[in-house]
Each structure stands twice: as structure tokens, then as C-alpha cells.
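Data block below; observations after.
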Amino acid sequence: MLQLHICNAADFTSFSEDSYADFLDQDECARVSRMREPAAVRFLQARFMCKRLLADQLGVSLKQVNFAYTENGKPFLPTVPNLQFSISHCRGAVAVAIASHPIGVDIEDMDRGRKNRAWESPEHFLNAATATAVLSAPSADKAQVFTLLWTLLESQVKLRDSSIVRAARHLRIALERDAQPWRVRTSQDEHGTGVAWLSWSQGGQVVSVAMDSASAETYESAATVEIYRWPERDKMALAMLARG
């Protein structure tokens, strides 16, 4: 099982303080109270989606879905270790991935505004070898290529429950762009070994799912990944951007 659920910003739910107390614990409520509104809205949407999906999978109420956290802040269900999940959100969408094996998901906007054009200086954010994929891309493709590489990096960090700083410094990714979908290649080191990815274009975003290579053998066909639109929970098809 590998499900990817996506909610676009236009479909975010408006939660009152009374309503989100139905699915957040005390620590999460305190966390929301410290956030500014755009971030709080995305956090609430992501937590509600994830807990609703997990509650449905387990046949329990929202209140019974309580997260524990690793030292790096990765949420997990201590009572159901065989049900894995990962959460990501950006300005334009929320993504929740659920599987029966370890996964990491990241979704990012390609257009982050004039003040955040990271693709113009990718060497400040990515390993030098990885940054060459952005630097060598045509101008029209640079934002998409950078966003893809960043989601690959972030999803790998979530999968491994590791450090974004170390991964950004050491993870070396090469893209083979002579065919569709693009092919992802990594160096054989502690950051790249044993990880496989599936990536899609989603409106103005790129979304990537990272998993162990052994698990990825089950998902050689993109059709075996179920992608759903929230809140309808209808299946939808996304254009596959890269894999490897």
C-alpha cells in the first residue's frame, strides 16, 4: 500500500479554535497558538488530513490518533509501527503519504516569489555536484529542476529521519533528462544508498516520495501508487516527473 493524498490551498478547511481542539493534542494546540495565520492554516490542514486518514485506516476516532516524535521531530504512531506516514505542506498545497513501509514525502511550490528565487544560486542550497543540474538546465526549466531536487532531498531526510543540513551538503543527485520521466541517480554514500524516489508535477508544485529501494521494487509501475484529491478523496492522475 502506498497512498498519496493532496489538498490544494483553495480546498483548505477553515478551523475554529473549538474545532481543531477535536483533533489536536495540547502540545499541538500550543504550537498553533504560536504560529502566524498562513503557517497555522497549513499546519492545521496537514494534521487534520493525516489524522483523519489514519483514523479511518485504524477504525478509531480522531482523538485516538496521537503522535509521538523522534529527536529530529518526525511524527510517528507508537502503537501502530507498521503503519507509516509522512506529511508536507507549502503555500499552495498539503501532501500526506501513507504506506506499510517507511516513506518520506515533500511538496514544494515552484514559484516562491521574487524574494525566494533559490534556483538562481542553487550552490547555496545543494551539494555542488547536485547544483550543476540546475545550473546546466535551460532558463525556463531551472525553477522546476531546483524544486525537484529539493523535494528529493527533503523526502530523503524525512525517510531517514536525518539532518537537512548534512543532506544538503553531501547528497549528490544527478538527473538524466533525455527521456520522460527523468531518471534520478545518486552517489553511493550514506545519504544516497538504498533510497528510491517517485516524483510528480502537481499544478504549480512538485511532490516527491522517498522510500527504501527494496520497497520501491513493489512500485515499479506508477499505477500501483494511489493518488487522491482531498477533500473528495477521488483518485486522480498526476504527470510523473522523475523516478529512480
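The values are calculated or read from the model by the stated rules, or taken from the named source; none is laboratory data. Predicted model only: the values in this text are computed from it and were never measured. Don't worry about glycine lacking a Cβ; one is built from the backbone with ideal geometry, like all the others, and counts go over all protein chains shown. Accessible surface areas use protein heavy atoms only, side chains included; no ligands, DNA or RNA. Shrake-Rupley method; radii C 1.70, N 1.55, O 1.52, S 1.80 Å.
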If you only keep lysine pairs separated by 8 or more in sequence, or across chains, how many in the chain come under 22 Å at the Cα atoms? 7
So with the 1.4 Å probe, I'd like the accessible area per residue for the stretch 11-107, rounded to whole Å². 49 Å²
Amide H contacts under 5 Å for residue 91, restricted to residues at least 5 apart in sequence or on another chain and with H modeled in the peptide plane, are 109
Share of accessible surface on carbon and sulfur in the chain, whole %, 1.4 Å probe and ligands ignored, is 49 percent
Report the residue, chosen from 60, 157, 207, that carries the largest GNM mean-square fluctuation when the chain is represented by alpha-carbon nodes joined by springs under 10 Å. 60
Can you tell me, using C-alpha contacts under 8 Å and at least 6 residues apart, the relative contact order of the chain as a whole percent? 21 percent
Mind ranking 2-9, 25-32, 124-131 by how tightly packed they are, going by the mean number of other C-beta atoms within 10 angstrom, highest first? 2-9, 124-131, 25-32
For the stretch 36-160, report the translational diffusion coefficient in µm²/s to the nearest whole number, using Stokes-Einstein at 4 °C, 1.567 mPa s, and a Kirkwood Rh over Cα pairs. 80 µm²/s
Hey, in the GNM for the chain with a 10 angstrom Cα cutoff, which one of 154, 176, 232 fluctuates hardest? 232
